[in-house]
Amino acid sequence: TEDPLYEKLVKAYDELSPSADTKVFVAGILLKKGKTGEAESYFNQAYELETDSFKKAKLAYRIGSILKKKGRLGQARVYFRNALKLNPSNGRPHLAIADMYNDSAKNCGDTNFNKRAVYWLAAAEARRAARVDPTLSKAAAQSAANYEAKAPTKAEIFSAGVAGQSIKIACWIGGSVTVPNI
């Protein structure tokens, strides 16, 4: 499988008999060889060809994970949301989105308060994971508690005078969060 000829043979087989499974197989080989851009193309083709919604949800999650690693967070979120549409009882995409919000908090906002408000979004997303997937409730609760601890405190909310107001979150997140009432 390490021989360059193997990659050519697998690609040739895929050209003769293209299917979602062959595209995923080729993508897996390309990933192992560090060709993530080319692998992503095969994953996208597989996603378009797949007809089974459960398999398509798993594939969307996998593509989202690859995009997340590459730092293409907005595109990753689209695939994670697609995975949720196809399999609403899987909480893993919610946790992945929450993790991306957590990682982006320092870059999304004009003030320190607004940057830390992103953690409320992350916590809400983690709680969604627990609601849809009880097997993840412990991990989701721990994540949500971690994010809440990083969010602005009641004293900071009081000092800012924004309790109950909506704060727009810029950058790739492009949403808003309502500041808790104190």
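One line per residue, one yes/no per condition, for (1) outside any helix (DSSP H, G or I); (2) among the acidic types (Asp, Glu):
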{"residue": "GLU48", "(1), (2)": "no, yes"}
{"residue": "LEU67", "(1), (2)": "no, no"}
{"residue": "ALA76", "(1), (2)": "no, no"}
{"residue": "SER89", "(1), (2)": "yes, no"}
{"residue": "PRO93", "(1), (2)": "no, no"}
{"residue": "ALA96", "(1), (2)": "no, no"}
(request) Hey, could you check the range 36-48 for residues that are surrounded by fewer than 20 Cβ atoms within 10 Å (Cβ to Cβ) and modelled with pLDDT of 90 or more and say which is farthest from TYR79 (Cα to Cα)? (result) GLU38
(message) Please determine whether any residue of the range 117-138 is under 24 Å from TRP172 (Cα atoms), in a loop (DSSP other than H, G, I, E, B) and free of Cβ contacts under 8 Å to residues at least 40 places away in the same chain.
(response) no
(message) As an exercise: evaluate ALA122 against (1) hydrophobic (A, V, I, L, M, F, W, C); (2) open to solvent by less than 10 Å² (accessible area, probe 1.4 Å); (3) at pLDDT below 95 and give the number of the one condition it does not meet.
(response) (3)
(request) Just name the residue that is surrounded by the most Cβ atoms within 10 Å (Cβ to Cβ) out of those in the range 49-86 that are more than 20 Å from THR36 (Cα to Cα) and of a type in the set (S, T, N, Q). (result) ASN82
(request) Starting from the range 4-15, keep only residues that are within 13 Å of TYR42 (Cα to Cα), then list their pairs with residues that are open to solvent by 70 Å² or more (accessible area, probe 1.4 Å) and not β-branched (Val, Ile, Thr) whose Cβ atoms are within a distance under 6 Å, requiring at least 6 positions of separation or different chains. (result) none
(message) Every residue in the range 126-167 that is charged (D, E, K, R), open to solvent by 80 Å² or more (accessible area, probe 1.4 Å) and closer than 25 Å to LYS85 by Cα, please.
(response) ARG127, ARG128, ARG131, LYS138
(request) Can you confirm whether the range 7-18 contains a residue that is exposed (fewer than 13 other Cβ atoms within 10 Å of the Cβ), hydroxyl-bearing (Ser, Thr, Tyr) and either within 19 Å of the chain's Cα centre (by Cα) or assigned to a loop (DSSP other than H, G, I, E, B) (or both)? (result) yes
(request) Being in contact (Cβ under 8 Å) with a residue 60 or more places away in the chain and more than 19 Å from the chain's Cα centre (by Cα) is the filter; apply it to the range 98-116 and report the residue that is farthest from TYR147 (Cα to Cα). (result) ASP110
(request) Taking the options THR111, THR135, name whichever one is among the hydroxyl-bearing types (Ser, Thr, Tyr) and under 21 Å from ALA60 (Cα atoms). (result) THR135
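The values are calculated or read from the model by the stated rules, or taken from the named source; none is laboratory data. Everything numeric here is computed off the predicted structure, so don't read it as measured data. Reconstructed Cβ throughout: ideal geometry from the backbone, glycine too, with neighbour counts over all protein chains shown. Note: areas computed on protein heavy atoms with side chains; ligands, DNA, RNA excluded. Shrake-Rupley method; radii C 1.70, N 1.55, O 1.52, S 1.80 Å.
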